[in-house]
Amino acid sequence: MPQMGPWSLILIAVVALLIFGPKKLPELGKAFGSSLREFKNATKGLADDEEEKKREKDQA
């Protein structure tokens with residue numbers, strides 16, 4: 001995977017601004033953030049379930 005320098009990130013931001021417009025970008029960022037938060041919570045829940053099963057198995 002190629003390295004992303006500051007110019008690449010600036011180019012991506014400019015293209016996103018041109019495609020979605022300045023009014024839509026905050027909404028997209030908020031939606032992305034909430035989706036990421038839900039995903040992290042779900043994966044944390046799965047990891048907690050696995051640890052609980054392992055502890056139960058070790059105690060038996």
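For LYS30, the aspartates and glutamates whose Cα falls under 16 Å of its own Cα, not counting residues fewer than eight places away in the same chain, are GLU38. Distance between the pseudo-spin-label points of ALA16 and LYS57 (7 Å out from Cα toward the beta carbon): 4.1 nm. Equivalent ellipsoid of the chain: semi-axes from √(5λ) of the C-alpha gyration tensor, largest first, are 41, 17, 5 Å. For the chain, the longest principal axis of the alpha carbon atoms and the long axis of helix 25-59 meet at an angle near 20°. Note on the chain: with a GNM built from Cα contacts shorter than 10 Å, the maximum mean-square fluctuation among GLU27, GLU38, GLU50 falls on GLU50. Within the accessible surface of the chain, defined with a 1.4 Å probe on protein heavy atoms only, the carbon and sulfur portion equals 65 percent.
The values are calculated or read from the model by the stated rules, or taken from the named source; none is laboratory data. Predicted model only: the values in this text are computed from it and were never measured. Backbone-built Cβ (ideal geometry, glycine too); neighbour counts: all protein chains shown. What goes into the accessible areas is simple: the full protein's heavy atoms, side chains included, and nothing from ligands, DNA or RNA. Shrake-Rupley method; radii C 1.70, N 1.55, O 1.52, S 1.80 Å.
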